[in-house]
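Readers should treat all values here as calculations from the given coordinates under stated rules, not as data from a laboratory. The structure presented is a predicted model; accordingly, all values stated were derived computationally and were not measured. FYI the Cβ positions are ideal-geometry reconstructions off the backbone, even for glycines, and counts take in every protein chain you see.
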Amino acid sequence: MRCELEFFKGAELHLLYMARRLREALAVEMLLSQAEVEYFVEPGPYQGGLIFTRELTGAFFYVLPADIPRAREVLVRGRYKPYDETVHHGA
């Protein structure tokens, strides 16, 4: 279920997914809400384009660390690839 940032009371949130298109963001919101996963979503910039890169705006989805396994499972069942911190940070 979509929550405002204040709901998490300063807890550390982890990036779960970044949607590049509005339709994709709405579908992810529906999946997470139906599964009753508490999440925060905010718009943010990302670099897009192959030859000519430009700054675009995406929807960044965040969850509490304890909810990551269940939220990732929900996304995978919905055929979305969750953010993998180990791939993006080389950990």
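Phi angles across the stretch 24-31 convert, under the Karplus curve 6.51 cos²θ - 1.76 cosθ + 1.60 with θ = phi - 60°, into 3J(HN,Hα) values of 5, 4, 5, 5, 5, 4, 5, 4 Hz, Gly and Pro given as x.
The magnitude of the dipole of the stretch 5-82, with charges of +1 and -1 set on the Cβ of Lys/Arg and Asp/Glu and taken from the Cα centre, is near 440 debye. The listed peptides 34-46, 60-72, ordered by packing as a protection proxy, come out as 60-72, 34-46 (highest mean of other Cβ atoms within 10 Å first).
Rounded to the nearest Hz, the phi-derived 3J(HN,Hα) couplings of the stretch 62-76 under the Karplus curve 6.51 cos²θ - 1.76 cosθ + 1.60 (θ = phi - 60°) are 10, 9, 5, x, 5, 9, 4, x, 5, 5, 4, 4, 4, 5, 4, where x marks glycine and proline. 3J(HN,Hα) couplings calculated from phi for the stretch 16-23 with the Karplus curve 6.51 cos²θ - 1.76 cosθ + 1.60 (θ = phi - 60°) are, in sequence order, 9, 7, 10, 8, 8, 10, 4, 4 Hz; Gly and Pro show x. In this structure the amide hydrogen of Tyr17, modeled in the peptide plane, comes within under 5 Å of the amide hydrogens of Phe61, Tyr83, none closer than 5 places in sequence on its chain.
With both labels modelled 7 Å from their Cα along Cα-to-Cβ, the Glu36 to Lys9 distance reads 2.0 nm.
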